[in-house]
Amino acid sequence: MAAGAAEPTPSLTADQANAREIFERVIAFKSVAPGHETPQLAEYLAGELRAAGFPQQDMLLGRLEDTAYLVVRYRGQPPKGAKPRKPILLLSHLDVVPALKEHWKRDPFKLDEANGFFYGRGTLDVKNGVATLVSLFLRLKREGFVPTRDLVLVLSGDEETTGATTKELLAKHRDWVDAEYALNTDAGGGTLDTAGRARSYNIQTAEKTYASYKVSAYNPGGHSSQPRADNAIYELADALKAVQAYRFPVQWSETTLGYFKAMGATTEGPLGAAMRDFAADPRDAAAADELWKHPSYVGATRTTCVATMLRAGHADNALPQQATATINCRIFPGVSPSSVRDTLQTLVGEKVEVEVMDEPQYSDASPLRADVVEAVTAAVHVRHPGIPIVPIQESGATDGIFYRAAGIPTYGISETFIRAEDQFAHGLDERIPVQSFYEGLDHWHRIVHALAGPKVR
């Protein structure tokens, strides 16, 4: 077989073979942000669902500039005598980050199965989720499944850039996406150790806000042979040192306390002790100080801000008229970007100006719903009995932040189990374990049946 050709796994069930075919087709679309073949991908998936019996009136196929989104409603029926309940949203996104073919060992837009992995752009982020959810709807329809409430599949078109398609859905088509809660393929998931054994499973319930601030010092300038007491570069440097020395207040949520409790149970040494102490009492200053020493964990305890870019001056022999820095912050859920700007402004003083860049989106953490946690736990433990289920707060961002901000609790429950050393989302030779992809089909099937299936008496 030619290099780069997809090599199907033998002995697939009909559902697995169908999902694999969709996965292969989905990867082939160059749905690179900000658009390109995203509309064609949305139209292909709409056609597959329409052919399976989903009526046109239950589909919203929308265009927004050069990208697109697809919403599909799977009609449910409440049990006799029960009040109708709001739908459950199932989220994923169609777009991927760019991939240059000349840099890859394989064609990034052709599914390649080798060495126990599926390779291709989007295999991990997150066309695997797209293929899984579309396959789920097709499977449920073939089985004659009637949920106890509507299920709504939402595939956005620009999660990797602006999130404009999700914003439009919430602003202009709220009736299509209004729901009791949402389940997201683009967050959470399982971890494997270096030997491929399952270690834990994460349920993502919160995302920190990504916000950047422009910090500027101004000066009349002049000739460098005549230095002034005031200097834009020095004033900016003093401002940045003030930000460096500042620690935002410690914060916590149900999610972060649960996270540190679970992580502390398996972490040794001073770090593990700090995790356990923080989970027991987040006001424990010594525990918070220990966690501050570890970049991987400090973000779960507070807002963080750090200088990332500098620009100053206009000539070697001229005093600077302007010096500017970019400070990037990852803001604790529920804290407004404007309040962080006010804190930064107080730190740098009146001579330096702080401006919010762009329009950062922020939201509160979602509460840990018992029904969602129980359904996910049961599905995960079928695959990997007894592994810990850990709530997490991510420093990255997904479409979930927009739904949380709109009052729709959102839970990242990806089907994927993967080793840290195989994580190449956004990188070269992106991949996903073949076994994880196929097991993930049943992962979502079990969860949907648990949350929206008729109860067996």
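The values are calculated or read from the model by the stated rules, or taken from the named source; none is laboratory data. Everything numeric here is computed off the predicted structure, so don't read it as measured data. Backbone-built Cβ (ideal geometry, glycine too); neighbour counts: all protein chains shown. Side chains are part of the model used for accessible areas, which takes the heavy atoms of the whole protein and leaves out ligands, DNA and RNA. Shrake-Rupley method; radii C 1.70, N 1.55, O 1.52, S 1.80 Å.
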What helix-only [θ] at 222 nm does the chain give? Using -39500 (n - 2.57) per DSSP H run of at least 4, over all residues, to the nearest 500, the answer is -10500 deg cm²/dmol
Karplus ³J(HN,Hα) for the range 241-252 (6.51 cos²θ - 1.76 cosθ + 1.60, θ = phi - 60°; Hz, whole; x = Gly/Pro) runs 5, 5, 5, 4, 7, 8, 10, 5, x, 5, 9, 7
From the residues Gly222, Phe23, Val250, which one has its Cα farthest along the dipole of the chain in the positive direction, the dipole being from +1 and -1 charges on Cβ of Lys/Arg and Asp/Glu about the Cα centre? Phe23
Along the dipole axis of the chain (charges at Cβ: +1 for Lys and Arg, -1 for Asp and Glu; origin at the Cα centre), the most positive-end residue among Leu347, Thr398, Val380 is Val380
What GluC sites (Glu not before Pro) does the range 299-400 have in DSSP loop regions with at most 14 other beta carbons within 10 Å? Glu350
Rounded to whole Å², per residue accessible area for the chain with a 1.4 Å probe reads 45
Report, in debye and to the nearest 20, how large the dipole of the range 172-294 comes out about its Cα centre when Lys and Arg carry +1 and Asp and Glu carry -1 on their Cβ. 260
Residue-ordered couplings for the range 110-116, obtained by feeding phi - 60° into the Karplus form 6.51 cos²θ - 1.76 cosθ + 1.60 and rounding to whole Hz (Gly and Pro as x), are 9, 4, 10, 9, 7, 6, x
For Phe424, the residues 5 or more places away or on another chain with a placed amide H closer than 5 Å to its own amide H are Arg431
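Taking 22 Å as the cut-off for C-alpha to C-alpha distance, list the pairs among Lys172/Lys208; Lys141/Lys172; Lys86/Lys141; Lys127/Lys172; Lys167/Lys208 that go past it.
Numbers: Lys172/Lys208 25 Å; Lys141/Lys172 28 Å; Lys86/Lys141 20 Å; Lys127/Lys172 26 Å; Lys167/Lys208 18 Å.
Checking Cα-Cα distances, Lys172/Lys208; Lys141/Lys172; Lys127/Lys172 exceed 22 Å.
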Placed amide H near Leu192: partners under 5 Å, 5+ positions off or other chain: Arg199, Ile418, Arg419, Ala420
Within the chain, what percent of beta bridges assigned by DSSP are antiparallel, to the nearest 5? 65
If you wrap a convex hull around the Cα atoms of the chain, how much volume per residue is inside, in Å³? 182
Rounded to whole Hz and in sequence order, give me ³J(HN,Hα) for the range 266-275 from the Karplus expression 6.51 cos²θ - 1.76 cosθ + 1.60, θ = phi - 60°, writing x for Gly and Pro. 10, 10, 9, x, x, 5, x, 4, 5, 4
The simple spin-label model distance between His449 and Glu268, using points 7 Å out along Cα→Cβ, in nm, is 4.1
Toward the positive end of the charge dipole of the range 1-116, about the Cα centre and with charges on Cβ (Lys, Arg +1; Asp, Glu -1), which of Leu45, Leu12, Leu90 goes farthest? Leu90
Got a number for carbon plus sulfur as a percent of the chain's accessible area, 1.4 Å probe? 52
